[in-house]
Structure formats: C-alpha cells, structure tokens
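> Can you keep this structure in mind? I'll have questions shortly.
Read-outs: derived from the displayed coordinates by stated rules, not from any lab. Treat the numbers as computed from the prediction; the structure is a model and nothing was measured. Methodologically, a virtual Cβ is constructed for each residue, glycine included, from the backbone with ideal geometry; neighbour enumeration extends over all protein chains shown.
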Amino acid sequence: PIPMFPLRQLGILGSFVGSLGEARDLVTLARRGRIAPIPVEARPLMTANAALEDLRGGRIVGRVTLTP
C-alpha cells in the first residue's frame, strides 16, 4: 500500500524511454508478428546454481525458468 512507503522506506523506480508514437509503432510491430519471441529455456530446479553462474557469465540468452 502506498501510504506505507514512508514508514518502510520503500520507493518506486522506473524508466521512460521513447515517445508515444514509438510505443504505437512497437505495438503495431508486435501485432504483425514482426518481433521475435524471447527465448525461454526450462531447467531442473536442482541446476539453479549452474543457471545463476550462466547468468553471471553472460551465457543466457532470453530467460531461464527453473522447474521442480
């Protein structure tokens, strides 16, 4: 809840890049299927440490999900 931010020293961070026109162009490209999907790789939960090492080493393209 927003009223609790000052009491818990919480903040909201974000960024704004591009114009409204650029956002519309991006949505149009996505609707036309012109943007490649983000690669997703599933790995067993027991390989979590290796996945973190791969992430730190820049060897992950896209996303990795850990499955039980």
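> Which fully enclosed helices (runs of 4 or more DSSP H) of the chain have 3 or more residues being free of Cβ contacts under 8 Å to residues at least 40 places away in the same chain, out of contact with any Cys (no Cβ under 9 Å at 6 or more places or on another chain) and surrounded by 10 or more Cβ atoms within 10 Å (Cβ to Cβ)?
20-31, 48-56
> Another question, then. How many of the residues making up segment 1-57 are under 30 Å from PRO68 (Cα atoms) and charged (D, E, K, R)?
Selection size over segment 1-57: 5.
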